[in-house]
Structures are given as C-alpha cells and as structure tokens.
C-alpha cells in the first residue's frame, strides 16, 4: 500500500517535470524563431546599407571588430 502511494507520487512528480520541460521547450522554440527572424532582418539591412553606401561593406567588419573587442 505504501509502495503504491509512493509510486503514484513519483509518477505525479514526473508528469509535472515533463509538463515543465515541454513549456520550456516551447519557449525556447519561440525564442529561436525570433532570433532567426532577427538574423534575416539584419542580413537585409546589411544588403540595403551596402547598396546605399558602398563604403559600408569595407567599414562594417572593422566596426564589428571594435565592438567585440570592448567586451
């Protein structure tokens, strides 16, 4: 009898853990989709700026290098 109730409690805990993991996975999936969308927007902006200002293509890598060096 005690084993049965203990087993039921463990099953309930595992079900809650699975539900929590599923929620976190859904959140991560939405975040990854948003990151992917942002990445595509950045690529579009880089193309746009490169066409408007040809110097941008040569100056951009230097700008990014300076930004990441400061971190």
Being within 30 Å of residue 61 (Cβ to Cβ) and over 12 Å from the mean Cα position of the chain (by Cα) is the filter here; which residues of segment 1-48 pass it? 40, 41, 42, 43, 44, 45, 46, 47, 48
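Could you pull out the residue among 17, 4 that is loosely packed, with under 10 Cβ neighbours inside 10 Å and part of a helix (DSSP H, G or I)?
4
None of the figures in this text is laboratory data; all of them are computed from the coordinates on show. Since the structure is predicted, the reported quantities are computational estimates derived from the model, not experimental observations. Because the Cβ atoms are built from the backbone with ideal geometry, glycine has one as well, and the counts that use them run over all protein chains shown.
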